[in-house]
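*Asks:* Have a look at this one before I ask anything.
The values are calculated or read from the model by the stated rules, or taken from the named source; none is laboratory data. Computed from a predicted model, the values in this text were never measured in an experiment. As a convention, Cβ positions derive from the backbone with ideal geometry for all residues, glycine included, and neighbour counts pool all protein chains shown.
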Amino acid sequence: MGRGSSGLHAAPPVPRSAVRQRFDRLVREAVKFGAVGGAGLLVNLLVFNLVRHVTDLQVVRASVIATVVAIIFNYVGFRYFTYRDRDKSRRTKELGLFLLFSVVGLVIENGVLYVATYGFGWDSPLQSNVFKFVGIGIATLFRFWSYRTWVFRALPAEEPTAAVTGAESFLDARQPAAREPRVGQRVG
């Protein structure tokens with residue numbers, strides 16, 4: 001009669017759909033990307049404000065320096081944290097593409113700051129930080145798309161072997177029912 005005295009049998013687990021699995025992977029990737037990007041944002045803004053206070057460089061030049069430092073920081077974070085499971089066989093090409101797309105992001109980020117500073121005259125420290133932040137946000141959307149699409153490419157999906165499939169079905173069959181009554185517990 002199965003487990004317990006109730007005669008209830010555990011329903012086989014419902015496999016997660018391929019769409020749901022892809023969505024879950026994308027969410028995990030976006031969270032990791034955001035963690036590295038958030039740390040890179042702090043590095044970018046700290047270096048930007050430090051360079052502005054310590055030197056007499058113009059706003060956009062200070063921002064470019066800060067962006068370059070953040071790009072280096074982010075590459076290490078993306079390669080060894082966010083995309084550590086991705087293809088590592090073509091590092092030279094990966095680094096070249098990363099730098100190319102990072103330069104495009106640098107132009108987007110600092111273009112916003114340039115327009116705000118020299119186009120509209122918004123160049124107080126607060127305004128510079130706000131528009132630097134806005135530029136980083138717009139550039140981040142481009143970077144997320146380009147890094148995951150072109151730079152840190154996914155390894156081709158491998159079909160599970162018969163041994164893996166057999167082991168998974170064995171483990172699934174051994175899972176207890178979610179709401180099975182305990183021994184001695186009244187049912188009903």
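*Asks:* Tell me which of these residue 140 doesn't satisfy, since it passes every other one: (1) surrounded by 15 or more Cβ atoms within 10 Å (Cβ to Cβ); (2) at pLDDT below 95; (3) farther than 21 Å from residue 43 by Cβ.
*Replies:* (3)
*Asks:* Something else: Here is a list: 121, 135. Which entry is modelled with pLDDT of 95 or more, under 18 Å from residue 64 (Cβ atoms) and out of contact with any strand residue (DSSP E or B) (no Cβ under 7 Å at 6 or more places or on another chain)?
*Replies:* The conditions single out 135.
*Asks:* On to the next question. Going by the structure shown, is residue 36 assigned to a helix (DSSP H, G or I) and surrounded by fewer than 20 Cβ atoms within 10 Å (Cβ to Cβ)? Walk me through it before giving the result.
*Replies:* Details: assigned to a helix (DSSP H, G or I): yes; surrounded by fewer than 20 Cβ atoms within 10 Å (Cβ to Cβ): no.
When the stated conditions are applied, residue 36 does not pass them.
*Asks:* Could you please give the count of residues in region 12-33 that are surrounded by 11 or more Cβ atoms within 10 Å (Cβ to Cβ) and among the small types (Gly, Ala, Ser)?
*Replies:* The total comes to 1.
*Asks:* Please go through region 93-135 and pick out each residue that is among the polar types (S, T, N, Q) and either exposed (fewer than 14 other Cβ atoms within 10 Å of the Cβ) or not in a helix (DSSP H, G or I) (or both). Give the steps one after another, and end with the answer.
*Replies:* Of region 93-135, the ones among the polar types (S, T, N, Q) are 102, 110, 117, 124, 127-129.
The answer is 124, and nothing else.
*Asks:* For region 74-92, enumerate the residues that are buried (at least 20 other Cβ atoms within 10 Å of the Cβ), touching a Phe, Trp or Tyr at 6+ places or on another chain (Cβ under 8 Å) and not β-branched (Val, Ile, Thr).
*Replies:* Scanning region 74-92 gives 78, 83.
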